[in-house]
Amino acid sequence: MKHTAMWQEIQDQPEVAQKILDAYLPKGEYFRDLLQGKKQLVLTGIGASLYACHMARYAFLKYCSLKPQIIQSDELCYLLPSIDKDTLVIFISQSGESYETKVVGKELKERGIPFWGITNDPKSSLAENASEVMLLHSGREISSATKTNMASFLILSIIAAGYRPELKGAFLEIPDIIRSTLKLCPEALERLADALLPCMNLYLLGMGANAATAIEGALMMKEKTFIHTSGSSVSDFRHGTVEVIEEGLPAVLLASGEEYTRTALEHGEYLQNAGVTVSLVTDTPIDGCIPREFVIPVAKCREECLSPAALLIPLQLLAERVADKKGLDVDGFRYLSKIVGDYKKGEKA
């Protein structure tokens, strides 16, 4: 069986995760000391880079003295008047060449305000302007942002919590957790992918730290499968969007740990009673309303704020499998450029 480049990039993630841990986990105390000298923390990116910020937000909220303000990079200009040397800005950009990164990064450098850059290209504008550069160590990525999103999430999580001795073991387990998840979920995902082929709409609904995982997963589903996919927290879905549900609508719930999984099952039962076809991605054995063939198992992280490293994997694979089964160009884009300063040239919008 010939695999797509996206499939291979998903499989490469354990090795990428190991490179990130080797490079940055030993610097956990260094990052903590630099953060302690700041009064404001801003995390910024766009697309998958921005969603990595939201995925890592929970580690900052739980373990970091600075609570992050997350803003997409094209709106960072509105924060510029409040950014001074007591503010740390961390830019995330796979290419390091996005328009906003170059413009705002140049202005901050001209004002003498240091900022950090997370990028895959050591020769990019972001790397050249940043005072501290953290490379994604992801190699070439030609399809959707899978391994670079994972690497960005891990780097930010290390910045937030890598200094804590009690979390070192949880961080070090991540490459094996990704490997185990890659082996655990394909059978159930094949069934789900087949079920989604005729669908036009899909909802991904996350609990806790994995609300942001759902949003990132929705981006990949839209990019690769052309299924209109919405990602949100279960709570946000219940406060309005729930009005769209109808017979046969597919929804995938994401939950890590016993408490969140129990709550997800309660929501799943409600949605099923309303006619929704519910699947569940979880790291916890269940005995509930969702049939086992609709449960996608992942390996368990001992720390909930790191669980997106496991729960994101099935969503990446699902996007790849559905697109491939539909006969779409899994590794290409109709309009998107990997360096998004403009739409692809020569294409009709």
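The values are calculated or read from the model by the stated rules, or taken from the named source; none is laboratory data. What you see is a predicted model; the values in this text were computed from it and never measured. Here Cβ is always computed from backbone atoms with ideal geometry, including for glycine, and neighbour counts include all displayed protein chains. SASA here: full protein model, heavy atoms, side chains in, ligands and nucleic acids out. Shrake-Rupley method; radii C 1.70, N 1.55, O 1.52, S 1.80 Å.
If a residue must be at negative phi and part of a helix (DSSP H, G or I), how many such residues does the range 201-220 contain?
Start the filter on the range 201-220 by keeping residues that are at negative phi, which leaves 201-207, 209-220.
Adding the requirement that they be part of a helix (DSSP H, G or I) leaves 209-220.
Final tally of qualifying residues: 12.
Within the option set A23, A56, being touching a His at 6+ places or on another chain (Cβ under 8 Å) and in a helix (DSSP H, G or I) holds for one residue only, A23. Tell me whether the range 19-35 contains one or more residues that are β-branched (V, I, T), at pLDDT below 95, out of contact with any Gly (no Cβ under 8 Å at 6 or more places or on another chain) and surrounded by 19 or more Cβ atoms within 10 Å (Cβ to Cβ). Within the range 19-35 (the criterion being β-branched (V, I, T), at pLDDT below 95, out of contact with any Gly (no Cβ under 8 Å at 6 or more places or on another chain) and surrounded by 19 or more Cβ atoms within 10 Å (Cβ to Cβ)), the answer is no, since none of the residues qualifies.
Every residue, every condition in (1) without any contact (Cβ under 8 Å) to a residue 24 or more places away in the chain; (2) out of contact with any strand residue (DSSP E or B) (no Cβ under 6 Å at 6 or more places or on another chain); (3) within 16 Å of M55 (Cβ to Cβ), yes or no:
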residue: I174; (1), (2), (3): no, yes, yes
residue: I177; (1), (2), (3): no, yes, yes
residue: L182; (1), (2), (3): no, yes, no
residue: G208; (1), (2), (3): no, yes, yes
residue: T213; (1), (2), (3): no, no, yes
residue: K222; (1), (2), (3): yes, no, no
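Looking only at the range 213-226, which residues are of a type outside the set (D, E, K, R) and either open to solvent by 10 Å² or more (accessible area, probe 1.4 Å) or within 19 Å of W7 (Cα to Cα) (or both)? Across the range 213-226, the qualifying residues are T213, I215, G217, A218, L219, M220, M221, T225, F226. Per the listing L80, L76, the residue uniquely farther than 23 Å from V16 by Cβ, at pLDDT below 90 and within 22 Å of the chain's Cα centre (by Cα) is L76.
The residue list S82, S73 contains one member that is open to solvent by less than 10 Å² (accessible area, probe 1.4 Å), of a type in the set (G, A, S) and at negative phi, which is S73. Scan the range 158-176 for residues that are assigned to a helix (DSSP H, G or I) and touching a Pro at 6+ places or on another chain (Cβ under 9 Å) and the total you get is 4. Within the range 261-296, restricting attention to residues that are in a loop (DSSP other than H, G, I, E, B) and without any contact (Cβ under 8 Å) to a residue 12 or more places away in the chain, the residue that is most open to solvent (accessible area, probe 1.4 Å) is D287. For the range 94-145, the set of residues classified as among the charged types (D, E, K, R) and outside any loop (DSSP other than H, G, I, E, B) consists of E100, K102, K106, E107, K109, E110, E128, E132, listed by residue number.
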